[in-house]
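Below is one structure, written out as structure tokens, with a few remarks after it.
The values are calculated or read from the model by the stated rules, or taken from the named source; none is laboratory data. Given the structure is predicted, the values throughout are model-derived calculations rather than measurements. Positions of Cβ are generated from backbone atoms using ideal geometry, with glycine treated the same way; all protein chains shown enter the neighbour counts. Surface areas here come from the heavy atoms of the whole protein model, side chains and all, with no ligands, DNA or RNA. Shrake-Rupley method; radii C 1.70, N 1.55, O 1.52, S 1.80 Å.
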Number of protein chains: 2
Amino acid sequence: MDMEKAVSALNNPIRRQILHWLKDRSNFPPALPEHKDAEGVCVGYIQEKAGLSQSTISAYMNALKQVGFVEAERHGQWTFYYRNEEKIQEFLNAMSNELSIS
Amino acid sequence: MDMEKAVSALNNPIRRQILHWLKDRSNFPPALPEHKDAEGVCVGYIQEKAGLSQSTISAYMNALKQVGFVEAERHGQWTFYYRNEEKIQEFLNAMSNELSIS
DNA sequence: TCTATATATCGAGATATTACGATATATAGA
DNA sequence: TCTATATATCGTAATATCTCGATATATAGA
């Protein structure tokens, strides 16, 4: 866990918000019938909800992916992003260790 | 807890390191006899350990103080900084809530 | 193959952060 | 009051981040 990159990825309210939204699929419009089997949420839905440009959201999701907080899965033309709960917990533990425990 | 400012204050390896060092007074040179009663560590010691300029450390400590992670106490010409464990724990809990719990 | 759609990447201007040296302020002691 | 020391504040150049629009790439379907 690269704490440098991890904290940096979280040092943005929208990226933190997206991570939070991804906790619950119902924060987004229902999946299309052909995507019922795909895990996660496509970039377009995240973009719409966040209200930022497509390129910005794509970069944001990449930043979150680089540190492992989310994973990406391609299904056709769509990329679906979903949380990596282990990595998120790992970060919280590392942060707790770094700040609290001597 | 202003998460915006809090994460921003932690988005710097030296500031995180300082918070960690402050966990244990023995990370710094022993206190002068006339400071035996003062809680915390003076700016000069922190500066020396961090290896950055005096003005930078002063600004860093102020950033940490603004979000409540440390508190400051003046004793004569010295300012002593020490951790606010409650606020740090409050931040860790808030972070955990924001990231993990839906 | 051609077109439409979804996403990724690129380049850039605006803004924020970093870290410094210079200077100001506060206090202790002569 | 004058000087020395500790810390705070100011002005700054360098660097990083934010966010966009334009463009490139990937895939599905006609």
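Data overview
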quantity	calculated
Residue in segment A:31-42 that is open to solvent by 50 Å² or more (accessible area, probe 1.4 Å) and at pLDDT 95 or above present	no
Helices (runs of 4 or more DSSP H) contained in segment B:29-101 and holding at least 1 residues farther than 20 Å from A:A94 by Cα	B:43-50, B:54-66
Segment A:22-65 - residue that is among the acidic types (D, E) and over 14 Å from A:Y81 (Cα atoms) and, of those, nearest to the chain's Cα centre (by Cα)	A:E48
Checklist (1) within 13 Å of chain B (Cβ to nearest Cβ); (2) in contact with a Gly (Cβ under 7 Å, 6 or more places away or on another chain) applied to A:E73, failing item	(1)
A:A72 of a type in the set (G, A, S), away from DNA strand D (no atom under 11 Å from the Cβ) and farther than 30 Å from B:D24 by Cα	yes
Test result for A:L64, surrounded by 13 or more Cβ atoms within 10 Å (Cβ to Cβ), within 14 Å of another protein chain (Cβ to nearest Cβ) and free of Cβ contacts under 8 Å to residues at least 60 places away in the same chain	yes
Filter result (in a helix (DSSP H, G or I), open to solvent by less than 50 Å² (accessible area, probe 1.4 Å) and away from DNA strand D (no atom under 13 Å from the Cβ)) within segment A:4-26	A:L19, A:W21
